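Data first, discussion second: the structure below is written as structure tokens.
The values are calculated or read from the model by the stated rules, or taken from the named source; none is laboratory data. The model shown is predicted, which means the values in this text are computed figures rather than measured ones. When we count neighbours, we look across all protein chains shown, and the Cβ atoms used for this are built from the backbone with ideal geometry, even at glycine.
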Amino acid sequence: VGLLHRVLAFFPMAGETNAEWLLQAVLKLKLEGTRPGWMLDAGSSRTTVYVYQWPAEKENNTGVVNQTYRCSVKGSGISSYGNNPQAVPKTFEDCMQRVKEKIPADLHKSTLAHLGATAGMRLLRLQNESAAREVLASIQTYFESQPFDFRGAEIISGQEEGVYGWITANYLMGNFLEVCSGPMHTTGALDLGGASAQISFVPEEEAGHSANSTVQVSLYGYTYTLYTHSFQCYGRDEAEKRFLARLFQVNTAVLVNPCYPRDYVTTLTMEHIFGSLCTEELRPASYDPGYKIALEGTGDPTLCREKVYSLFDFQVCHDREDCSFDGVYQPKVKGTFVAFSGFYYTANALNLTGSSPLDAFNSSTWDFCLQSWSQVSGFDEVYARSYCFSAHYIYHLLINGYKFTRQTWPNIHFKKENSSIAWSLGYMLNLTNMIPAESPLTQASWQNFGPDVCSAGPQDVTLLIVASVITASVGL
């Protein structure tokens, strides 16, 4: 309480009545303790551990979840261990040791834990179902020996990945925890993974052409009708493999790549390009997994943009406004969007994080693509060589695919600043819907403490924010 009064000293304009109201609010909204949990996000190219915690009491039946720690697992994604499933657990050991240190030992047994695998494992399951099962079984066995409440390892669907990403984006934007009554305006989510791409948003009207693309999401006491679709093989990594496979069809001696930097040369194995289910149809009759293919970059942004266009089938939509590509139904995009994962990493390489005009994106793309290999610096080779391709791919996906325009492009925000956006937070928020509160849930109404916040002035809103911060900070 002493800390509370010191903070109030900074707000003399609040007045005695509001000060007393704030004191009551803080005392009434005390937390009864927190519950920890962690998620393993097993993507196609990497695995990341996220540690979360939420109050034992929940808000409108959903836990208020905070990320407290993250750890990147060494090595590639778990789908790359299809031929050696028993080697997967060893890759987790460093991160698991750190997680054990971050979570108090007396809470280990009650700590919820889960592994969710995405498009990489979805592809492996289609390609070799028994290998996918063995990878998951190896993971299950390992975590059952750990001191946590491990709820299982599963492959989530593309639709689930899209929904959880949307939940994460809106949670971090503060769209679910507003105090005004009624559901809030939401932000769309654009996720570009290694093997798949997801778009999720609340459309102007309910999606009527495809019930499979519509999901009802209930969070914090409200239900949202969400359009979401996952495009398998349209993730950044798989799209690049399909691009290289098409170049190989033109010239099998040397792959001349207009999207790679000028003067860049390398070799890739046939397995790297054609070993994926996404390039299986383009695999040559003379396929030899170990055969090395020579590549050289020419750094030609105009030709790169032209050739990347061919990765999509736009013609099948016949200029329909409610169709993205490959004949997939999509209502008209509306409102703001958060673009994360591959979208963010590419925009960051172009120095364009946040929101910017389409002309700025194109200008930065051309400047980056015209650099020679010696001029591209500050990135690992495997990423640096591909950012030009990624930028042009993102352009076609967003403009010709999702049908953003020059006018609506600035509504796309390439990641929320200073926050880690991943579908795993949305998964944990959804999971907390099913976890009972440890004590009777108090449906706190801010109106009971004082002025109606929805019509409050700046002073009252400031007090509300201070109350929230103090409650979390001092654990009153």
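Kindly provide the set of residues from segment 299-319 that are of a type outside the set (S, T, N, Q) and in a helix (DSSP H, G or I), ordered by number. Spell out the reasoning first.
The first filter runs over segment 299-319 and keeps only residues of a type outside the set (S, T, N, Q), leaving 299-301, 303-309, 311-314, 316-319.
Result: Pro301, Leu303, Cys304, Arg305, Glu306, Lys307, Val308, Tyr309, Leu311, Val316, Cys317.
Which numbered condition trips up Gly327, out of (1) of a type outside the set (D, E, K, R); (2) exposed (fewer than 14 other Cβ atoms within 10 Å of the Cβ); (3) within 22 Å of the chain's Cα centre (by Cα)?
Every condition holds for Gly327 apart from (3).
Residue by residue, here is whether (1) under 24 Å from the mean Cα position of the chain (by Cα); (2) at pLDDT 70 or above; (3) of a type outside the set (Phe, Trp, Tyr); (4) assigned to a loop (DSSP other than H, G, I, E, B) holds:
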| residue | (1), (2), (3), (4) |
| --- | --- |
| Thr17 | no, no, yes, no |
| Glu20 | no, no, yes, no |
| Ala25 | no, no, yes, no |
| Cys71 | yes, yes, yes, no |
| Ser80 | yes, yes, yes, no |
| Arg98 | yes, yes, yes, no |
| Lys109 | no, yes, yes, no |
| Gly116 | yes, yes, yes, no |
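Checking the condition touching a Pro at 6+ places or on another chain (Cβ under 6 Å), over 19 Å from Arg236 (Cα atoms), modelled with pLDDT of 95 or more and of a type in the set (D, E, K, R), which residue from Asp359, Asp367, Asp300 passes? Before the answer, list the steps.
Working: Asp359 fails: touching a Pro at 6+ places or on another chain (Cβ under 6 Å); Asp367 fails: touching a Pro at 6+ places or on another chain (Cβ under 6 Å).
After ruling out the rest, the residue left standing is Asp300.
Could you give me the residue pairs with C-beta distances under 7 Å whose first residue belongs to segment 138-153 and is closer than 20 Å to Ser424 by Cα, whose second residue is hydroxyl-bearing (Ser, Thr, Tyr) and surrounded by 13 or more Cβ atoms within 10 Å (Cβ to Cβ) wherever it lies, and which are 6+ apart or on separate chains?
Between residues of segment 138-153 that are closer than 20 Å to Ser424 by Cα and residues that are hydroxyl-bearing (Ser, Thr, Tyr) and surrounded by 13 or more Cβ atoms within 10 Å (Cβ to Cβ), the close pairs are Phe148/Thr111; Asp149/Thr111.
Give Glu296, Glu280 a once-over and let me know the one that is acidic (Asp, Glu) and either assigned by TED's automatic domain parsing to the domain that holds Leu124 or outside any helix (DSSP H, G or I) (or both).
Exactly one residue qualifies, and that residue is Glu296.
Scan (1) outside any helix (DSSP H, G or I); (2) within 30 Å of Met173 (Cα to Cα) for the single condition Gly75 breaks and write down its number.
Here Gly75 clears every test but (2).
Quick test for you: out of Arg122, Arg151, Arg98, Arg133, pick the one residue that is surrounded by 21 or more Cβ atoms within 10 Å (Cβ to Cβ) and among the basic types (Lys, Arg). First the steps, then the outcome.
On the way: Arg151 fails: surrounded by 21 or more Cβ atoms within 10 Å (Cβ to Cβ); Arg98 fails: surrounded by 21 or more Cβ atoms within 10 Å (Cβ to Cβ); Arg133 fails: surrounded by 21 or more Cβ atoms within 10 Å (Cβ to Cβ).
After ruling out the rest, the residue left standing is Arg122.
For residues that are under 17 Å from Asp41 (Cβ atoms) and not in a loop (DSSP other than H, G, I, E, B), tally how many sit in segment 141-156.
Going through segment 141-156, the residues under 17 Å from Asp41 (Cβ atoms) turn out to be 142-143, 148, 150-156.
Now narrow it down to the ones that are not in a loop (DSSP other than H, G, I, E, B): 142-143, 150-155.
Qualifying residue count for the region: 8.
A quick yes/no check of all residues on (1) under 30 Å from Ile155 (Cβ atoms); (2) surrounded by fewer than 16 Cβ atoms within 10 Å (Cβ to Cβ); (3) not assigned by TED's automatic domain parsing to the domain that holds Ala117:
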residue	(1), (2), (3)
Ser363	no, yes, yes
Phe368	no, no, yes
Ser372	no, yes, yes
Ser377	no, yes, yes
Ile394	yes, no, yes
Leu398	yes, no, yes
Thr405	no, yes, yes
Thr408	no, no, yes
Tyr427	yes, no, no
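Considering only segment 259-266, I want to know if a residue exists there that is without any contact (Cβ under 8 Å) to a residue 60 or more places away in the chain and in contact with a Phe, Trp or Tyr (Cβ under 8 Å, 6 or more places away or on another chain). Give the steps one after another, and end with the answer.
To start, the set of residues in segment 259-266 that are without any contact (Cβ under 8 Å) to a residue 60 or more places away in the chain comprises 265.
Narrowing further to those that are in contact with a Phe, Trp or Tyr (Cβ under 8 Å, 6 or more places away or on another chain): none.
Looking through segment 259-266, none of the residues is without any contact (Cβ under 8 Å) to a residue 60 or more places away in the chain and in contact with a Phe, Trp or Tyr (Cβ under 8 Å, 6 or more places away or on another chain).
Exactly one of (1) outside any strand (DSSP E or B); (2) among the hydroxyl-bearing types (Ser, Thr, Tyr); (3) crowded, with 21+ Cβ neighbours inside 10 Å is unmet by Tyr50. Its number?
Only one criterion in (1) outside any strand (DSSP E or B); (2) among the hydroxyl-bearing types (Ser, Thr, Tyr); (3) crowded, with 21+ Cβ neighbours inside 10 Å is unmet by Tyr50, namely (1).
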